[in-house]
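Heads up: the structure comes next, in structure tokens.
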Amino acid sequence: MISKLIVYAAYYLKSSDAYNKSKKAVFDLLENQRSPWKSYFDMFMIGLIVLSIVFLIYDVQHDTGAVGDYFEHTVLVVFVCEYLLRLWIYSDTHIIILQEHERAQYLNIRFSILNALWKAIVKKLEYIVSPFAIIDLLAILPSYRPLRILRIFLIFRLFKLFRYSNSAKLFSDILSSKRFELLTLLVFTCLLIFIASVSIYLFENSVPDGKINNLFDAFYWAVVTMTTVGYGDIVPYTTAGRLVAIILIFTSLGILAFFTSILIAAFNEKMPVLRENRTYAELERYKSFIIICGYGRVGQEIAALLSKDKQKFVIIDKQEQNVDLARKHGYMVIHADASKNEVLISAGICRGASTVLCITGDDVTNVYVTLTSRYLNKDVRIISRVNFNENVNKLYQAGADHVIRPFEVSGLLAAEFLGQPVAFEAITGILQNQTEIVMETLLVAEGSSLENKQIGQLELGQKKLTLLGVISANPIHLKHKNKYQVKQQHFYFNPEPEFVLRHEDMLVIFGRKYSIDHFRDQVEQSRLLGRKSA
Amino acid sequence: MKQVAVFGYNRLSYEVVSRLDPENYRILIIDLDPVQIALARDNGLETASIDFRSDEDLKSIGIGSGIDTLLCFFDQDSDNVFLTLSARALDSELNIIAIIDSPESAEKLLAAGANKIIDPYEICGRKIHDMLKRPDITDIFDHTVFGQHDLHLAEVVLPENSYLENSYASHLELSAKYNLILIGIVNKQISDKLHFVVEEFDRRLSVGDILVILGPAREIRAFKRDVENEFCKV
């Protein structure tokens, strides 16, 4: 009967929207790294812990009175709530019960509620004995009056801080990565301390006026000597005892050196990972950025231009030398092979990346990275560089949106310069924004004052702007001459004054930067005003 | 006919040479590597096998006499600098275009006397940046001016006795008459600097001025023909 009731309750919980939602909300607050609530909660808890420790220290010599008591109680309530909530969200007891129940039904055996409950409790116990949970508990327990002696453990509240900061986790990761070495060292150290304390006890205990009266004294002396602290409150008197001391000192020097070198090596190994983690964390904050694969000469040029535009980007390169150079310039860089799926994924190709640039000097790498990127994200824009003309089609097949041939572009410019130096300077000047004259596009938005107007009515000449043409995908314009197919759209060069603009058309105009901006502002203003009056 | 000497036959020089009209240019390829020389000859180009380090050899192919333009397209920046220096000493009027591999060589080459520096990596970087920043305009130019479509940029020098002499730039009305767009004008009497039409609206044209125009090849040809014609006005 009871078991039926429990199973029914479990089903109820599983289907209850409110229950699942509230559990999810608590999870977001306490554990979900991506949730903004967690960072607020962490900050609040850090503040609370620090404040409670401050009270504790103040309390040693002063009487905090009722305020102190209230505060202590509040802190305690918060800690207990946190502990219980964490215990709650660690596992789903009702799910475990249901699983057991369904299993029993499937196998057609008797459902034992005790068995199921036991499994659920074991799961909860798993949490209770985890290091963080123990620290949490130790931070709460000393507040219980009969256990006042455990006040020392209130300091454990400081350890609770580790829960809210990533660096502590990193430190424990580093230590655990060298688990084997540290364990060996620990065993050896224990052995040494044991031998040293036993032998000093044997040699010195019999000495009249000797300081070593019991095994604990011997152990204390061994530890103080071994750590090279050497208070000098206990000293050996016999020759044999002094020999033990000499041997212990030399051995412990070796152990300390070994210990330090293990830690340093571990940190050194983790350093690149640490740096990369910071890069990933920073990338996660960006909504839109560019992934540059390859930081050669071309990559350097692009990175410099992009950083001038304040556009966010991340560089991936597998060559140490390039990575160092990028780091020196202060760019975000990942030292890895961009053709690996996980590298691109953790760089954010499926999350915030708008464009991938494959611009290494090697066509094989470019094709491979292009292929990988396209496979991972169907919509990302991919621009690739090709060094040999015969590979252009391979890159398009691999999924590149644009393929750049550096030698073709440069050759074209060189040939242009040879034949028509003035025209060359004009066009490169405009295209590369080296002059005050710029070329820009202006979209005819829906409801804009430009819509349904004839080109002649715009009086662009008076505004000191020159219209090069109109880009449009609208089939209504197809009757006009001078059209050039550009991808899915047409470019209407030098349209006649009777050309009527439709929405979604784009004007290609050139002129001084501020004339263009002024014109754009006017158009935008009239559009907003028009909407208001409508 | 212009005479062009190309030092170093590689992918870049191949691209340049293939874009130059053989009717207007006499091209001579010079390379130290016999394999490259053979390749150039296979492509139907005139070649010469000389040591660029010797002034006598340079003179022998016409530097200082017949050659108008020198392309220093060696892979090594130091070779290009050396060649530029030697050639500039032989001919102070020579038009020297050089490529660079590392950016710090640009100043050295300019100091050595090069007229124009081409940095393929920089150009490629700028191009990709342009694609990111202004994809529409880059697309248009790639397909038209730099691509297959018939839209070209041209410069037209105003000859003597042209009907356009002494007329105002604003009165040209190229877009209506020829379907051309006037981008800018170089007023030779004042400086070599290009003035964009949009900013200096009214300007009286004189002989020697260069008009930079954009339009289909047919219209450009028609305009060039008319410019040279004294009586076109009527």
Practice task
Considering only segment A:199-219, state which residues are hydroxyl-bearing (S, T, Y) and either surrounded by 17 or more Cβ atoms within 10 Å (Cβ to Cβ) or touching a residue at least 60 places away in the same chain (Cβ under 8 Å) (or both).
Solution key: A:S199, A:Y201
Problem - Test: residue in segment B:208-219 that is at pLDDT below 80, in a loop (DSSP other than H, G, I, E, B) and either over 25 Å from the mean Cα position of the chain (by Cα) or within 11 Å of chain A (Cβ to nearest Cβ) (or both) - result: no
Exercise for the section: Could you check, for segment A:320-335, whether at least one of its residues is over 30 Å from B:G8 (Cβ atoms), at the interface with chain B (Cβ under 9 Å from one of its Cβ atoms) and under 31 Å from the mean Cα position of the chain (by Cα)? Expected result: no
Completion exercise
Here the residues within segment A:302-340 that are within 19 Å of A:R381 (Cβ to Cβ) and either touching a Phe, Trp or Tyr at 6+ places or on another chain (Cβ under 7 Å) or not aliphatic (A, V, I, L, M) (or both) are A:A303, A:L306, A:D309, A:Q311, A:K312, A:F313, A:V314, A:I315, A:S339
Exercise for the section: For segment A:223-232, state whether one or more residues are surrounded by 15 or more Cβ atoms within 10 Å (Cβ to Cβ), part of a helix (DSSP H, G or I), of a type outside the set (S, T, N, Q) and touching a Lys or Arg at 6+ places or on another chain (Cβ under 9 Å). Expected result: no
Fill in the blank from the handout: Taking segment B:135-181 and keeping only residues that are at the interface with chain A (Cβ under 7 Å from one of its Cβ atoms), closer than 24 Å to A:T355 by Cα and among the charged types (D, E, K, R), one is left with B:D136, B:D139
Practice task
State all residues of segment A:365-413 that are in the same structural domain as A:D337 (by TED's automatic domain parsing) and small (G, A, S); if no residue qualifies, say none.
Solution key: A:S373, A:S384, A:A398, A:G399, A:A400
Practice task
For residues that are at pLDDT 80 or above and part of a strand (DSSP E or B), scanning just segment A:486-504, find the one that is nearest to A:R527 (Cα to Cα).
Solution key: A:V500
Practice task
For segment A:89-108, state whether one or more residues are in the same structural domain as A:A25 (by TED's automatic domain parsing) and over 28 Å from A:M1 (Cβ atoms).
Solution key: yes
Fill in the blank from the handout: Reported set for segment A:309-335 where residues are touching a residue at least 40 places away in the same chain (Cβ under 8 Å) and part of a loop (DSSP other than H, G, I, E, B) is A:M332
Practice task
Name the residue, out of B:R41, B:R19, that is more than 16 Å from A:S410 (Cα to Cα) and among the basic types (K, R).
Solution key: B:R41
Handout entry: Search result, residues across segment B:81-96 that are free of Cβ contacts under 8 Å to residues at least 40 places away in the same chain, touching a Cys at 6+ places or on another chain (Cβ under 7 Å) and either not hydroxyl-bearing (S, T, Y) or not assigned by TED's automatic domain parsing to the domain that holds B:S13 (or both)
Key = B:I96
Practice task
Check segment A:417-428 and report whether any residue there is surrounded by fewer than 19 Cβ atoms within 10 Å (Cβ to Cβ) and within 30 Å of A:N366 (Cβ to Cβ).
Solution key: yes
Exercise for the section: Search segment B:104-130 for residues that are closer than 19 Å to B:A89 by Cβ and within 7 Å of another protein chain (Cβ to nearest Cβ) and pair each with any residue that is acidic (D, E) and surrounded by fewer than 22 Cβ atoms within 10 Å (Cβ to Cβ) when their beta-carbon atoms are under 8 Å apart and the residues are at least 6 apart or on different chains. Expected result: none
Exercise for the section: Filter segment B:93-103 down to residues that are part of a loop (DSSP other than H, G, I, E, B), under 16 Å from the mean Cα position of the chain (by Cα) and either among the hydrophobic types (A, V, I, L, M, F, W, C) or within 12 Å of chain A (Cβ to nearest Cβ) (or both), then give me how many there are. Expected result: 1
Practice task
State yes or no: is A:A398 farther than 30 Å from B:R26 by Cβ, surrounded by fewer than 19 Cβ atoms within 10 Å (Cβ to Cβ) and more than 8 Å from chain B (Cβ to nearest Cβ)?
Solution key: no
Exercise for the section: Output the qualifying pairs, or none if there are none: Cβ atoms under 8 angstrom, residues six or more apart or on different chains, first residue in segment A:404-419 and at the interface with chain B (Cβ under 7 Å from one of its Cβ atoms), second residue assigned to a helix (DSSP H, G or I) and of a type in the set (S, T, Y). Expected result: A:P406/B:Y121; A:F407/B:Y14; A:G411/B:S13; A:G411/B:Y14; A:G411/B:S18; A:L413/A:T428
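The values are calculated or read from the model by the stated rules, or taken from the named source; none is laboratory data. Since we're looking at a predicted model, the values are computed, not measured. As a convention, Cβ positions derive from the backbone with ideal geometry for all residues, glycine included, and neighbour counts pool all protein chains shown.
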